[in-house]
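Heads up: the structure comes next, in structure tokens.
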Amino acid sequence: MFDNYINQIQVSTKIGEFFRFGIVGLIATAIHYGIYYGLQWFINITVAYSIGYLISFLCNFFLTSYFTFQSKPTFSKLMGMGGAHLVNYSLQVFLLNLFVYLGCSATIAPLPVFCIAVPVNFILVRFVFKRKK
């Protein structure tokens, strides 16, 4: 009986984390895309994408710490999230350039990239913030 209740709490906690992750992700994605969109008219799209990614990463780290997983940001978590985001960034830049190569507009190409990368990023970041010490 109690095992079922505990499992429901764990599931609702994960759902809550995913919901909060989604909110933070929307904010970070809006920051990232806004910066990319503004810069892509003046500089190389990979450089514009990278600048947007870096700025949104810093915002994302603090929002993820305080809001998504309700924990204090630490240097260890920053490094872990940085590693997760390095994998995610590599995936995103590859996909961005692939979609542009396949004929997708540079203005729209980040949108399908985000659809693929966000779930992958959630799994990686959740591991960093929830791993046992």
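Each reported figure results from applying straightforward, stated rules to the coordinates on display, with no laboratory input. If you're wondering where the values come from, they're calculated on a predicted model, not measured in any experiment.
Dimensions of the stretch 14-53 from C-alpha coordinates, computed as largest minus smallest value along each principal axis and given longest first, are 41, 13, 9 Å. Given their separation in residues at 0.36 nm each and the Cα-Cα distance between them, Tyr101 and Gln70 gain 7.1 nm when the chain is fully extended. Remark: the Cys59-Arg131 segment gains 23.7 nm on full extension, using 0.36 nm per residue and subtracting the alpha carbon distance. Based on the convex hull around the alpha carbon atoms, the stretch 18-79 presents an average projected area of 4.2 nm². Normalising the average separation of contacting C-alpha pairs (under 8 angstrom, six or more residues apart) by the number of residues puts the relative contact order of the chain at 24 percent.
Annotated for the chain: lysine pairs at least 8 residues apart or interchain, Cα distance under 13 Å, count 5. Cα extents for the chain along the principal axes, largest to smallest and rounded to whole angstrom: 59, 29, 20.
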